[in-house]
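K.L.:
Sharing a structure below in structure tokens format, with a few things to ask.
The values are calculated or read from the model by the stated rules, or taken from the named source; none is laboratory data. Given the structure is predicted, the values throughout are model-derived calculations rather than measurements. Glycine gets a Cβ as well: all are built from the backbone with ideal geometry, and neighbour counts include every protein chain shown.
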Amino acid sequence: MTGANPEFRRASGSIGAYVEGVDVIDVLNSEAVFRRVYKGLLEYEVLFFEEQEIAPQSLEDFAGLFGTPLGHGAYDIVEGTEYVQILESTEQNPSKIEVWHSDMTFMQSPPTFTMLHSQVVPGFGGDTMWASARAAYESLSPEMQNLFDELEAEHDFRQGFKESLAEPEGKDRLTKALENYPKVSHPVVLQHPETGKRSLFVNALFTSRIRDLTDLESGTLLKFLFEHIIKEEFTVRLGWKKGTLAIWDNRSTQHKPVNDFFPMHRLMQRVTLAGETPF
């Protein structure tokens, strides 16, 4: 497309929008288009581009506009690229992650953005859902906001990959990741470094406990937060088509794959962008 001007069509009341009028190549070729898309991403938190037939290297180049691509020790990389990860589910090796989460919060500096490009989609099912942790925080009473503003929580790689670690040779395969990612602490409420807005920054996959509380207190508050963030009114659901590209702000959202398509094949390519230490 030439002379492209992106428009955003809301996908739900709280989060998400479809990008219309431009494609990935337009964004790559025009700084003005990129700036409008970037502004839309900060506003809507997750953006969907449909019918994007792009090569893995173009996906990596597109990701580079949003920050520095980041490696991941648990996934294979597309040949000819440095950072495009392969997420594949087959009958022999079905997807194991079925929990709401933000990506890689076990890192001291979790990713800013993540993008996912569909290569093979099942005949039915295989959707992905996102939740706005920003909308969830804003819906809390001032008293509850004040409580969570003062707390920190631990995030644990081992908790998130416990099924993989239990597999034969799982520990050997993930040895380097285990060494690189000890437990870390992040604020329960993150203030977005670009928008200044606050969001809840805990997730059921990696957050193991709230610091300085008893086990009962921590467990009770985390259960409340995990359930609150994923209320229907804070979510959006995407039915994938071949070539759909999703990009989301990892600092203010959570997501969850819907694994209802076994034994069919699902193949995605993913890039994550390096982040800053939450504050």
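K.L.:
Can you tell me which condition Gln159 does not meet? The list is (1) touching a Phe, Trp or Tyr at 6+ places or on another chain (Cβ under 7 Å); (2) modelled with pLDDT of 95 or more, and all the others hold.
P.N.:
(2)
K.L.:
Since Ala55 meets every condition but one in (1) farther than 25 Å from Ala177 by Cα; (2) in contact (Cβ under 8 Å) with a residue 12 or more places away in the chain, which condition does it not meet?
P.N.:
(2)
K.L.:
Please tell me if Asp249 is among the acidic types (Asp, Glu) and surrounded by 21 or more Cβ atoms within 10 Å (Cβ to Cβ).
P.N.:
Details: among the acidic types (Asp, Glu): yes; surrounded by 21 or more Cβ atoms within 10 Å (Cβ to Cβ): yes.
So Asp249 fits the description; yes.
Here is a yes/no grid of residues against (1) over 18 Å from the mean Cα position of the chain (by Cα); (2) not in a strand (DSSP E or B):
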| position | (1), (2) |
| --- | --- |
| Leu225 | no, yes |
| Arg237 | no, no |
| Lys242 | yes, yes |
| Phe262 | yes, yes |
| Gln269 | no, no |
| Gly275 | no, yes |
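K.L.:
Read through the list (1) crowded, with 20+ Cβ neighbours inside 10 Å; (2) modelled with pLDDT under 95, then give the number of the only condition that Gly3 fails.
P.N.:
(1)
K.L.:
Name the single residue that is surrounded by the fewest Cβ atoms within 10 Å (Cβ to Cβ) among those in segment 198-236 being of a type in the set (Ser, Thr, Tyr) and out of contact with any Asp or Glu (no Cβ under 8 Å at 6 or more places or on another chain). So that I can check it myself, show each step before the final result.
P.N.:
Looking only at segment 198-236, we keep the residues that are of a type in the set (Ser, Thr, Tyr), and these are 199, 207-208, 214, 218, 220, 235.
Among the residues that remain, those that are also out of contact with any Asp or Glu (no Cβ under 8 Å at 6 or more places or on another chain) are: 199, 214, 218, 220, 235.
Working: Ser199: 24, Thr214: 10, Ser218: 19, Thr220: 13, Thr235: 24.
Among those residues, the one meeting the criterion is Thr214.
K.L.:
Moving to a separate point now. One residue is enough: does segment 136-150 have a residue meeting the conditions modelled with pLDDT of 95 or more, under 27 Å from Gln52 (Cα atoms) and not aliphatic (A, V, I, L, M)? If you could, list the steps in order and put the result at the bottom.
P.N.:
The first filter runs over segment 136-150 and keeps only residues modelled with pLDDT of 95 or more, leaving 136-150.
From the residues that got through so far, the ones that are under 27 Å from Gln52 (Cα atoms) too are none.
No, the conditions are met nowhere in segment 136-150.
K.L.:
Of the residues Glu43, Glu20, Glu91, Glu82, which is in contact with a Pro (Cβ under 8 Å, 6 or more places away or on another chain), under 21 Å from Asn250 (Cβ atoms) and surrounded by fewer than 20 Cβ atoms within 10 Å (Cβ to Cβ)? Explain how you work it out, then say what you get.
P.N.:
Details: Glu43 fails: in contact with a Pro (Cβ under 8 Å, 6 or more places away or on another chain); Glu20 fails: under 21 Å from Asn250 (Cβ atoms); Glu91 fails: under 21 Å from Asn250 (Cβ atoms).
Criteria check complete, one pass: Glu82.
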